[in-house]
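Trainee: One structure coming up, written as structure tokens, with questions to follow.
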Amino acid sequence: MSSTAHTPGAHQPVKRSTGRLVLGWILVGIPLAYGVFQTLTQVAALFG
Amino acid sequence: MICTMIAGDMGNGPKMGPFASGLLDTVVFNQARNITMGFLDRERTIAPPGFNRWLVPPAALAVHLCIGQAYATSVYKTALVKHFGASLTEIGVIFSIAIVMLGLSAAIMGTWVDRNGPRKAMFTSAMFWVGGFLIGSLGIFSHQLWLVYLGYGVVGGIGLGIGYISPVSTLIKWFPDRPGLATGMAIMGFGGGALIASPVSQALLKAYDPNSGAQGWVASGDAVGKLFLTLAVVYLAYMLFGAFTIKVPADGWRPAGFDPAKVKAAKLVTTENVSAKNSIKTRQFWLVWVALFCNVTAGIGILEQAAPMIQDFFRQSDGKSLVTAGVAAGFVGLLSIGNMAGRFAWSATSDVTGRKRIYMMYLGVGAVLYTVLALAGSTATALYVVLAFLIISFYGGGFSTAPAYLRDLFGTYQVGAIHGRLLTAWSAAGVAGPLIVNTILDAQGKPGQLNGASYQPALLTMVALLVIGFVANLLVKPVDARFHEPRPDRGRTEPAMEA
């Protein structure tokens, strides 16, 4: 299923905003991955 | 028109009286304000054709990751106790005020959020949340605890409530085919925010305090104040990124290939709409409220006591525990991951199973897991950890599945506002959960002397609560047609409270 906006009746070319999409996910993904990694490291060190 | 008249006057003659000058100032000010505020208006956030809807979840996550810091307050709790010379309870009140304000502001501001759109709501949330940190830091630097209550607790708490509900209805509209996945991604951020804030705050406190290398070091108040200022700057940037990235779909938009008729095939999913005002007159709202309240109360029961509880469960006859304080801390971290993972995984799964069925799992299977934990949890550490992890994942799942459940029952019209009202269940559970567990444990003995058996009455009370929630969820039926908003082709009279 396409993930881009589609208005019924409107046949406009799909605008690819891949750069913004990647940047957006990196901005939230990196801090989140860092937080999970830090926590898992703590957990692994303590239970291992 | 006034502008045109003034411009005309200015063009016709060089002189301008003091009245006209003042009027011009006012008009220019209003125009500037309109340009600024206009950018935040819902009308200015309508997505152009071709807008990629997958940009909306990171915008929502940006806000939720910031406000999720509320769960990381324990990092500087001891430092504030020392700085203010206050008790743990007095410092704990800061967090309690924030959570109560979260529920109240979400309930009161929900309709405003739905009416004004996500950008203005996120922007407002950022102002309150960041303002809370700034006022809080002022309180720390000036040794005024009441300013921290006012700042982080009241002002920040309002930011929490508005921020929590701000992206929900937008996400549901962008992902009518997968609302559980969409809200799960955003609300996962609230769980994940603490995972980021905890290590970052610890590192910053060490950097800001020259005595951080000392034995038994506790961060200074000055370091906590600087931490608050730093968090304010970082959170402002992130939340504004979210506010200026988010867009609402145009009227009538739907994902390519999405057929609403297929969604309607599910019995509990409506294509009608119920207003926030009418939703609270329905039995369904209060049944879901009870189900969420019971699920959250039971989860908080474990979360509140996580570290001492695992040590008590494995306390030997000589009074020493097999689980050290360090291992217990790691266990708390594991629960945080379970909380975050459950918010995403179970909510996404609910798109396949349906919302009512997944709530039956949270509450029904949750009751069974709690029973096993109470009766056999102390037999093996691995069993205890697995049970607690699953229970906490159900706790998180309950939060993130709730908006999609409301969408199914009440439609998308004012789902954000209805969600805001539902969050009062969270506030109530935040008071009830710790109260139930602490009252029962106080009657069992003193901290450090408790064992697995001491927790049985509290855990079995939670089982009873989960059974009540299970029954409430079982009773959820489609909303009566008299509560539906009128369509152009039919009228409706104001419905009365459902019996």
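The values are calculated or read from the model by the stated rules, or taken from the named source; none is laboratory data. The structure displayed is predicted, hence computed values, not measured ones. Glycine also receives a Cβ, built like all others from the backbone with ideal geometry; neighbour counts cover every protein chain displayed. Keep in mind that these areas ignore ligands, DNA and RNA; they rest on the heavy atoms of the full protein, side chains included. Shrake-Rupley method; radii C 1.70, N 1.55, O 1.52, S 1.80 Å.
Trainee: Would you check if B:Leu383 is farther than 30 Å from B:Gly92 by Cα and of a type in the set (A, V, I, L, M, F, W, C)?
Mentor: In short, yes.
Trainee: Hey, another quick one. Using the structure shown, decide if B:Tyr413 is more than 14 Å from chain A (Cβ to nearest Cβ), crowded, with 19+ Cβ neighbours inside 10 Å and not in a helix (DSSP H, G or I).
Mentor: Yes; evaluated as a whole, the condition is true for this residue.
Trainee: Evaluate the following for B:Ile108: is it in the same structural domain as B:Ser220 (by TED's automatic domain parsing) and open to solvent by less than 40 Å² (accessible area, probe 1.4 Å)?
Mentor: In short, no.
Trainee: Report, by residue number, each residue of region B:176-200 that is crowded, with 24+ Cβ neighbours inside 10 Å and more than 9 Å from every other protein chain (Cβ to nearest Cβ).
Mentor: Matches in region B:176-200: B:Pro179, B:Gly180, B:Ala182, B:Thr183, B:Gly184, B:Met185, B:Ala186, B:Ile187, B:Phe190, B:Gly191.
Trainee: For B:Ala86, state whether it is part of a helix (DSSP H, G or I), in the same structural domain as B:Val200 (by TED's automatic domain parsing), surrounded by 12 or more Cβ atoms within 10 Å (Cβ to Cβ) and at pLDDT 60 or above.
Mentor: Spelling it out, it is not the case that B:Ala86 is part of a helix (DSSP H, G or I), in the same structural domain as B:Val200 (by TED's automatic domain parsing), surrounded by 12 or more Cβ atoms within 10 Å (Cβ to Cβ) and at pLDDT 60 or above.
Trainee: Let me ask something else. Can you tell me which residues in region B:420-434 are within 12 Å of the chain's Cα centre (by Cα) and not small (Gly, Ala, Ser)?
Mentor: Across region B:420-434, the qualifying residues are B:Leu422, B:Leu423, B:Thr424, B:Trp426.
Trainee: Only residues that are aromatic (Phe, Trp, Tyr) and open to solvent by less than 10 Å² (accessible area, probe 1.4 Å): list them for region B:223-237, please.
Mentor: If the condition is that a residue be aromatic (Phe, Trp, Tyr) and open to solvent by less than 10 Å² (accessible area, probe 1.4 Å), then B:Phe228 is the only one that fits.
Trainee: Residue under question is B:Phe244, and the condition is that it be within 14 Å of another protein chain (Cβ to nearest Cβ), of a type in the set (Phe, Trp, Tyr) and touching a residue at least 12 places away in the same chain (Cβ under 8 Å); does it hold?
Mentor: The answer is yes for B:Phe244.
Trainee: Within region B:464-481, is even one residue modelled with pLDDT under 95 and part of a helix (DSSP H, G or I)?
Mentor: Scanning region B:464-481, I find at least one residue that is modelled with pLDDT under 95 and part of a helix (DSSP H, G or I), so the answer is yes.
Trainee: Then there's this: Examine region B:238-248 for a residue that is outside any helix (DSSP H, G or I) and surrounded by fewer than 22 Cβ atoms within 10 Å (Cβ to Cβ), and state whether such a residue exists.
Mentor: Yes, some residue in region B:238-248 is outside any helix (DSSP H, G or I) and surrounded by fewer than 22 Cβ atoms within 10 Å (Cβ to Cβ).
Trainee: Right, next: What about B:Lys226, is it at negative phi, charged (D, E, K, R) and more than 12 Å from chain A (Cβ to nearest Cβ)?
Mentor: For B:Lys226, the condition - at negative phi, charged (D, E, K, R) and more than 12 Å from chain A (Cβ to nearest Cβ) - is met.
Trainee: Kindly list the number of the only condition in (1) closer than 29 Å to B:His83 by Cα; (2) touching a Gly at 6+ places or on another chain (Cβ under 8 Å) that fails for B:Leu160.
Mentor: For B:Leu160, the exception is condition (2).
Trainee: Also: Take B:Phe95 and tell me if it is in the same structural domain as B:Thr245 (by TED's automatic domain parsing), open to solvent by 20 Å² or more (accessible area, probe 1.4 Å) and within 23 Å of B:Ala429 (Cβ to Cβ).
Mentor: Considered against the rule, which asks whether it is in the same structural domain as B:Thr245 (by TED's automatic domain parsing), open to solvent by 20 Å² or more (accessible area, probe 1.4 Å) and within 23 Å of B:Ala429 (Cβ to Cβ), B:Phe95 comes out as yes.
Trainee: Test each condition in (1) at pLDDT 60 or above; (2) facing another protein chain (nearest Cβ under 7 Å) for A:Thr7 and report the one that comes out false.
Mentor: Every listed condition holds for A:Thr7 apart from (1).
Trainee: Right, something else. Looking at B:Arg178, B:Arg254, can you tell me which residue is of a type in the set (Lys, Arg) and under 20 Å from B:Phe399 (Cβ atoms)?
Mentor: B:Arg178
Trainee: What are the pairs, 6+ residues apart or on separate chains, where a residue within region B:155-182 that is modelled with pLDDT of 90 or more and part of a loop (DSSP other than H, G, I, E, B) has its Cβ under 6 Å from a residue that is among the charged types (D, E, K, R) and open to solvent by 10 Å² or more (accessible area, probe 1.4 Å)?
Mentor: If the second residue must be among the charged types (D, E, K, R) and open to solvent by 10 Å² or more (accessible area, probe 1.4 Å), the pairs left are B:Arg178/B:Asp351.
Trainee: Of the conditions (1) free of Cβ contacts under 8 Å to residues at least 40 places away in the same chain; (2) open to solvent by 40 Å² or more (accessible area, probe 1.4 Å), B:Ala256 satisfies every one except a single condition; which number is it?
Mentor: So B:Ala256 meets the others, but not (2).
Trainee: I would also like to ask the following. Any residue at all in region A:14-25 that is facing chain B (nearest Cβ under 7 Å), modelled with pLDDT of 60 or more and within 30 Å of B:Val332 (Cβ to Cβ)?
Mentor: yes
Trainee: Follow-up question, since we're still on this one. Any idea which residue in region B:14-69 is modelled with the highest pLDDT, counting only those that are under 28 Å from B:Phe175 (Cα atoms), assigned to a helix (DSSP H, G or I) and more than 14 Å from every other protein chain (Cβ to nearest Cβ)?
Mentor: Of everything passing the filter in region B:14-69, B:Arg44 is modelled with the highest pLDDT.
Trainee: A follow-up question, please. If the requirement is being under 30 Å from B:Val365 (Cβ atoms), touching a residue at least 12 places away in the same chain (Cβ under 8 Å) and either open to solvent by 20 Å² or more (accessible area, probe 1.4 Å) or within 14 Å of another protein chain (Cβ to nearest Cβ) (or both), which of these qualifies: B:Val290, B:Val296, B:Val269?
Mentor: Being under 30 Å from B:Val365 (Cβ atoms), touching a residue at least 12 places away in the same chain (Cβ under 8 Å) and either open to solvent by 20 Å² or more (accessible area, probe 1.4 Å) or within 14 Å of another protein chain (Cβ to nearest Cβ) (or both) holds for just one of B:Val290, B:Val296, B:Val269, which is B:Val290.
Trainee: Out of (1) farther than 27 Å from A:Gly35 by Cα; (2) modelled with pLDDT under 95; (3) not basic (Lys, Arg), what's the single condition that is false for B:Trp146?
Mentor: Here B:Trp146 meets the rest and fails (2).
Trainee: Could you pull out the residue among B:Ala376, B:Ala367, B:Ala380 that is closer than 22 Å to B:Ala458 by Cβ, free of Cβ contacts under 8 Å to residues at least 24 places away in the same chain, out of contact with any strand residue (DSSP E or B) (no Cβ under 6 Å at 6 or more places or on another chain) and away from chain A (no Cβ under 14 Å)?
Mentor: B:Ala376
Trainee: Can I ask one more? Show the residue pairs that are 6+ apart or on different chains and have beta-carbon atoms under 8 Å apart, the first residue being within region B:54-83 and assigned by TED's automatic domain parsing to the domain that holds B:Val248 and among the aromatic types (Phe, Trp, Tyr), the second being surrounded by 24 or more Cβ atoms within 10 Å (Cβ to Cβ) and outside any helix (DSSP H, G or I).
Mentor: From region B:54-83, the pairs are B:Tyr76/B:Ala219.
Trainee: Moving to a separate point now. Whether any residue in region B:247-256 is within 21 Å of the chain's Cα centre (by Cα), in the same structural domain as B:Leu138 (by TED's automatic domain parsing) and closer than 30 Å to B:Leu134 by Cα is what I want to check.
Mentor: Within region B:247-256, one or more residues are within 21 Å of the chain's Cα centre (by Cα), in the same structural domain as B:Leu138 (by TED's automatic domain parsing) and closer than 30 Å to B:Leu134 by Cα.
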